Amino acid sequence: SEKGEAERELEKIVGGSFTKSDGILYFIPSKGSPDQTGIPLHLASSSAVEMSRLFFHFVLRREGGSPLLIIDEPESHLDTMNQIRFARALVQWVNSGMKILISTHSDFIVKEINNLIMLNGSFDDKENLVEELGYEEGDSIEPSQIKAYYAVDGGLEPCPMNEFGIEVRSFEDSIDELIRVSGVLGSRIMLASDKSE
């Protein structure tokens, strides 16, 4: 049957497609010879192996399979740019009616979801700004479509959310501390180089 939008988006993120032949799963890189055979999945990159589960979930879902997709820490197999692409894909999948449960430690995924929540807001010259920032019309999401929680002392607590997105204090605190330390060290190096001149 024909590939759905979710599968095509995932192929862009992972850089190839998946197929099954004679009971063996293959990853077929999108770059390279058009007549190349696939790489047996057990020999492919860990990213391809992990993303293949999503791909086959979409195939099964299209054939009447599970309405819930559970993804555990997708960032562990994606570089930062692909984490951002993945966040956009998540929003597109949710907007298409998919139910998704994701656990993540990725500030990149959360920040991009926040951007897509803000993209849902009303502001001047929105159409031009959406295009200027490289987004498309269907990339936004309403905050009411998302529930976010963080683990605290063996339990879950809801994350505050508004038109600016999900507030994950632990991410913000860690980033603020890294920036502070980087600033202190950078200024010390600048002072030392000024003294040596």
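The values are calculated or read from the model by the stated rules, or taken from the named source; none is laboratory data. These numbers were taken from a predicted model, which means no experiment stands behind them. For neighbour counting, all protein chains shown are included, and Cβ atoms are generated from backbone atoms with ideal geometry for every residue, glycine included.
Within region 85-103, identify whether any single residue is over 22 Å from G138 (Cα atoms) and more than 9 Å from the chain's Cα centre (by Cα), and answer yes or no. Scanning region 85-103 turns up at least one residue that is over 22 Å from G138 (Cα atoms) and more than 9 Å from the chain's Cα centre (by Cα). Of the residues making up region 177-197, those that are surrounded by 10 or more Cβ atoms within 10 Å (Cβ to Cβ) and either of a type in the set (S, T, Y) or under 22 Å from the mean Cα position of the chain (by Cα) (or both) are S182, S187. Take the residues of region 112-129 that are farther than 15 Å from A89 by Cβ and within 16 Å of the chain's Cα centre (by Cα): which is surrounded by the most Cβ atoms within 10 Å (Cβ to Cβ)? Within region 112-129, the match that is surrounded by the most Cβ atoms within 10 Å (Cβ to Cβ) is I117. For region 130-146, the count of residues that are within 26 Å of D79 (Cα to Cα), part of a helix (DSSP H, G or I) and under 15 Å from the mean Cα position of the chain (by Cα) is nonzero. Across region 68-81, a minimum of one residue is classified as buried (at least 18 other Cβ atoms within 10 Å of the Cβ) and either in contact (Cβ under 8 Å) with a residue 40 or more places away in the chain or of a type in the set (S, T, N, Q) (or both). Scanning region 160-197 for residues that are in a helix (DSSP H, G or I), small (G, A, S) and within 30 Å of S122 (Cα to Cα) gives a single hit, S170. Every condition in (1) farther than 21 Å from E5 by Cα; (2) without any contact (Cβ under 8 Å) to a residue 24 or more places away in the chain holds for G121 except the one numbered (2).
Residues in region 147-159 that are in a strand (DSSP E or B) and in contact with a Phe, Trp or Tyr (Cβ under 7 Å, 6 or more places away or on another chain): L156, E157, P158. Residues in region 63-107 that are assigned to a loop (DSSP other than H, G, I, E, B) and not charged (D, E, K, R): G64, G65, S66, P67, L78, S96, G97, M98, T104, H105, S106. Filtering region 1-29 down to residues that are part of a loop (DSSP other than H, G, I, E, B) and under 23 Å from I109 (Cβ atoms), which residue is modelled with the highest pLDDT? Taking the candidates together, the pick is G15. Where the second residue is outside any helix (DSSP H, G or I) and the first is of a type in the set (D, E) and lies in region 140-151, which pairs have Cβ atoms under 7 Å and are six or more apart or on separate chains? Final answer for the pair search is E142/N120.
Of all the residues in region 162-197, those that are touching a residue at least 24 places away in the same chain (Cβ under 8 Å) and aliphatic (A, V, I, L, M) number 3.
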